[in-house]
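S.K.: Here it is, the structure, as structure tokens.
The values are calculated or read from the model by the stated rules, or taken from the named source; none is laboratory data. Given the structure is predicted, the values throughout are model-derived calculations rather than measurements. Neighbour counts run over all protein chains shown; Cβ positions are idealised from the backbone, glycine included. To get the accessible areas, we keep the full protein, side chains included, count just its heavy atoms, and leave off ligands, DNA and RNA. Shrake-Rupley method; radii C 1.70, N 1.55, O 1.52, S 1.80 Å.
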Amino acid sequence: MKGKYILVLVGCLFATSIWAVNEVDKKGRKQGEWIKKYDNGVVMYKGVFKDDMPTGEFKRFYENGTLHSVQNHKDNNLSDIVIYEQDGKTISTKGSYIGKVKDGRWTYYIEGKISLEEQFENGKLNGLSKVYTKKGELIEEIPYVQGKIDGVKRCFLPDGKKYSECAYKEGEEHGDYKLYEGFDYPVIEGVYVHGKRDGEWQVRDDRGKLVEVLKYDNGVLLNDKELKKEYSKSFDENEAKKGKFMEPDRMLDAQ
């Protein structure tokens, strides 16, 4: 008789645990374990809620069943997340959230190697972002203040030599610009004022010799008739290269 009671108790507990999945309380808040599936029956995500807020470890999966991400929820609405590529093993992104907005350091990977590092503050880029080649070589340093480029943006060639430097203020070019292209001296240098070239811009050849001076006023070239066509063409070609470094694709937030 005692054995029968135990079986009944175990059966009741099992039924209760099944019944408790995907539960809401009287106020409509999610409570306990929640599991959602794709149309093909594969689990999309699973985790635990308390008063409608995720708590502890929360896992998401790709439609083929491999692990997509693991998000660990902490107190004060903070969480850390690791996102994986389709194989479910290779890390593609690491970062932290406050609620549903990015905060702190975020790191992105391509084929397991760092491709981009960013700093966030309450959802906005804030701090120095760094871009790397597939071989791990630093090619860009971009300073951000509350979502806008502010400071000196630096670009490098894969061998570590300078490619260019450009000052920014609140998201627009403002201040000194220097194009090095790997030389020890700038082959082009001048000043931007609120996103427009201003004053004298100097052009040098590959031996460092000054070959042309371009005079600007609020973005308008003043001495265009005096310039030799070959130098003007060379300048425009070099200027067109500025900022052409490609940033890796950012993973969409798994929220």
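S.K.: What nm distance separates the two modelled labels at Lys36 and Leu221, each placed 7 Å from Cα along Cα→Cβ?
M.R.: 5.5
S.K.: Between the stretch 86-114 and the stretch 60-77, what is the C-alpha centre distance in whole Å?
M.R.: Using only Cα atoms to place each centre, the spacing works out to 12 Å.
S.K.: Then there's this: How long is the gain from Asp25 to Lys135 if the chain were fully straight, where each residue apart is worth 0.36 nm and the alpha carbon distance is subtracted?
M.R.: 34.4 nm
S.K.: Set the Förster radius R0 to 35 Å, insert the Cβ-Cβ distance between Lys196 and Val101 as r into 1/(1 + (r/R0)^6), and round the FRET efficiency to 0.05.
M.R.: Computed FRET efficiency for Lys196 and Val101: 0.55.
S.K.: What ³J(HN,Hα) values, in whole Hz, does the Karplus curve 6.51 cos²θ - 1.76 cosθ + 1.60 give for the stretch 206-216 when θ = phi - 60°, with x put for Gly and Pro?
M.R.: So the Karplus estimates, Gly and Pro as x, are 6, 10, x, 7, 5, 10, 7, 10, 9, 10, 10 Hz.
S.K.: Carbon and sulfur atoms: what percent of the 1.4 Å accessible area of the stretch 60-173 do they account for?
M.R.: That fraction is 47 percent.
S.K.: Still on this model: With the cut-off at 30 Å, tell me which of the pairs Lys26/Lys59; Lys124/Lys178; Lys135/Lys196 have Cα atoms farther apart than that.
M.R.: Lys135/Lys196
S.K.: Next question, about the same structure. Report Lys46's accessible area, 1.4 Å probe, all protein chains in place, as a number in Å² to the nearest 10.
M.R.: Here the residue's solvent-accessible area equals roughly 90 Å².
S.K.: Which shape class applies to the stretch 103-148: rounded if a/c is under 1.5, otherwise prolate when a/b exceeds b/c and oblate if not, where a ≥ b ≥ c are the square roots of the Cα gyration tensor eigenvalues?
M.R.: oblate
S.K.: With a ≥ b ≥ c taken as the square roots of the eigenvalues of the C-alpha gyration tensor of the stretch 21-171, please select rounded if a/c is under 1.5 and otherwise prolate if a/b is larger than b/c or oblate if it is not?
M.R.: oblate
S.K.: How far apart, in nm, are two points set 7 Å out from the Cα along the Cα-to-Cβ line at Asp51 and at Glu170?
M.R.: Distance between the two pseudo-spin positions: 4.1 nm.
S.K.: Using a 1.4 angstrom probe, figure out how much accessible area the stretch 139-207 has per residue, in square angstrom, rounded to the nearest whole.
M.R.: 50
S.K.: Mind giving me the nanometre distance, one decimal, between the label points for Leu210 and Asn64, set 7 Å out from Cα along Cα→Cβ?
M.R.: Placing both labels 7 Å beyond Cα along the Cβ direction yields 6.2 nm.
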